[in-house]
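What follows is calculated from the coordinates using simple rules that are stated; it is not laboratory data. Only a predicted model underlies this, so the values are computations on that prediction, with no experimental measurement involved. In this analysis, Cβ positions are derived from the backbone assuming ideal geometry, glycine residues included, and neighbour counts consider all displayed protein chains.
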Amino acid sequence: MGGLVWTSVVDLARMIATKEVSPVEVTRAFLERVAALDGTLKSFITVTGDSALDAARAAEADLVAGRVQGPLLGVPLGLKDLFNTAGVRTTGGSKILADSVPTADATVVRRLRAAGAIVLGKLNMHEFAYGPEGLNEHYGHARNPWDAQQTRVTGGSSSGSGAAVAAALVPVALGSDTGGSIRIPAALCGITGIKPTYGRASRAGVLPLAWSMDHVGPMARSAADCAIVLRAMAGYDPADPTTSVLPVPDYGAALTGEIKGLRVGLLRPFFMDGSAPEVTAAVQSAARALEGLGAVVDEVRLESVWPVAAASFAIVASEALAYHAEWMRTRSGDYQPDVRERLKMGAFVTGVQYVRAQQVRARVRAEVDEALARRDVLLAPTTPLPAPVLGQTETRIGDAKTDVRSALIRLTRPFNFSGHPACSLPCGVSGDGLPIGMQLVGRPFDEATVLRVADAYQRATDWHRRRPPLA
Amino acid sequence: MRSAMRLAGFAWSDAELDALRPGLERALASLDELERLPLGDTEPTTQYRIF
């Protein structure tokens, strides 16, 4: 049973389809692991054990009867607690929505259930997704399984998704990413997560942080696992007018292991130059590994990203306060202090500043497009530092002192701004034994190439196979 | 701060505004930088749907 929880999504789906293991057996194995470890990890807000076992029995009945099976039949799934789930509370990690029970699933949840996935529960998160550390004062801070002392943050805001996948409490989870909230916990917890192109996956039925920056995507232990899940959840949705009508390719089929001749742009100023030496060394080593696989690596400079922090603040603070305005007038005392303070800031952003931020955004998008016109993917660290300690507010990168929150989102946010697909995957460990992540950024709607490069790297390395001490 | 807060439709206390001041001053400084950027006639991103 112990080995089953470390089995990949791809293998679990195959083993279930060929009746090598039963969906009930698989679901029980993960639920037992949640019961054993989540008291420490605090990755779940709500465990839906009974309904998961009911779904597993139904999947087993489908298998026995030879009825049509989805590509994820019987595969357990965790959901960041901002994806609406019919009949199961969706808290957004908040006290305000503690008893909010949606009547319908989010579109992506409905699609994954239709593909056969079994929802094991709702995962912890930074309250209302407004923070990159993954802190939650209402349900407890999720703990990074890579730190046996339990003092490190998971990164956020999809903190429970990062911790649960890293510790094999679920084989795959959904996260959302407004400034890096899939990729940051993926990097800090040593797993793989992809933020697809803006418009690739529906946000309908997902609590927003900032509508124009929010993305949803899978977090798993490999690019191959992300590929199979992304294919099942992506695609046009009339309920989300920003989704694209472009067809969703078979991402799994794109994973050929072959990247000979692919052009990789290593983002040097701002990204590599703004990271801790051990992070830079790990990503540099990954670039050499990609060269060893036949890719052609050159260095790229993106000048437009320097004002992204200010511009992103103007957009996210304005959009977030617009969504929360009524609660901020009537229930502001029910927010955790850091989130309440960030929301208040939105009141001081002017309309002119919001539009200027959107001008910056247009420039960033154009420059990233231009860099990708001559390259297949861009490569950069995901975060400039490994997981900080809970409560740590400042850090030092090189000679510069910086606040932890700004540092965590500095390298991921430009691609929420631009909307390009970006996948974080492990590429090393720090001197303290903490995971280091790198991100691969692709052309709009070319998640296939991003996943292909990530998968080729993972076929050649074993960083993604390492298990954390708390697991 | 008070005027901006009222314009936005909120009524936070003086103590709440004082607590906000250090973070807000940093944020306003960064917004000033945004205002000084030579963005010319760059068309702002107002249409999010790429395809």
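A compact table of results
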{"item": "Net charge of neighbours whose Cβ lies under 15 Å from the Cβ of residue A:430, counting Lys and Arg as +1 and Asp and Glu as -1", "result": "0"}
{"item": "Inter-chain shielding of A:355-363 (mean C-beta neighbours from other protein chains, 10 Å cut-off)", "result": "6"}
{"item": "Cα-based shape type of region A:55-114, given that a ≥ b ≥ c are square roots of the gyration tensor eigenvalues and the cut on a/c is 1.5", "result": "prolate"}
{"item": "Overall form of region A:337-471 per C-alpha gyration tensor (a/c, 1.5; a/b vs b/c)", "result": "oblate"}
{"item": "Residues of region A:394-432 with amide N under 20 Å of a point placed 7 Å along Cα→Cβ from residue B:42", "result": "A:410-421"}
{"item": "Average beta-carbon neighbours from other chains, 10 Å sphere, peptide B:34-41", "result": "5"}
{"item": "Length released on extending from residue A:296 to residue A:341, taking residue separation times 0.36 nm less the Cα-Cα span", "result": "11.6 nm"}
{"item": "Radius 9 Å from Cβ of residue A:393, net charge of other residues (Lys, Arg +1; Asp, Glu -1)", "result": "-1"}
{"item": "Sites residue A:396 and residue B:30, calculated FRET efficiency, Cβ-Cβ separation with R0 35 Å, nearest 0.05", "result": "0.95"}
{"item": "Computed lengthening from residue A:303 to residue A:54, 0.36 nm per intervening residue step minus Cα-Cα distance", "result": "84.3 nm"}
{"item": "222 nm mean residue ellipticity, helices alone, for the protein assembly as shown (DSSP H n ≥ 4; -39,500 (n - 2.57); rounded to 500)", "result": "-12500 deg cm²/dmol"}
{"item": "Formal net charge of residues neighbouring residue A:363 (Cβ-Cβ distance under 13 Å; K, R +1; D, E -1)", "result": "-3"}
{"item": "Relative contact order %, chain A, counting alpha carbon pairs below 8 Å whose residues are six or more apart", "result": "17"}
{"item": "Sequence-distant aspartates and glutamates (8 or more away, or on other chains) whose Cα lies within less than 15 Å of residue A:260", "result": "A:291, A:298, A:376, A:455"}
{"item": "Proximal lysines relative to residue A:95, as straight alpha-carbon distance under 27 Å, when same-chain residues fewer than 8 apart are discounted", "result": "A:42, A:80, A:122, A:344"}
{"item": "Cα gyration tensor, region A:179-335 - rounded (a/c under 1.5), prolate or oblate", "result": "oblate"}
{"item": "Cα centroid of region A:2-34 to Cα centroid of region A:306-363, whole Å", "result": "43"}
{"item": "Förster-model FRET efficiency, 22 Å R0, residue A:430 and residue A:403, C-beta, rounded to 0.05", "result": "0.65"}
{"item": "Inter-probe distance in nm under a simple model that places probes 7 Å from Cα toward Cβ, at residue B:15 and residue A:373", "result": "5.8"}
{"item": "Distance between region A:178-251 and region A:380-412 - C-alpha centres, whole angstrom", "result": "24"}
{"item": "Residue A:86 versus residue A:25: modelled label distance in nm, points set 7 Å from Cα along the beta carbon direction", "result": "3.1"}
{"item": "For region A:146-208: relative contact order, % (alpha-carbon pairs under 8 angstrom, 6 or more apart)", "result": "31"}
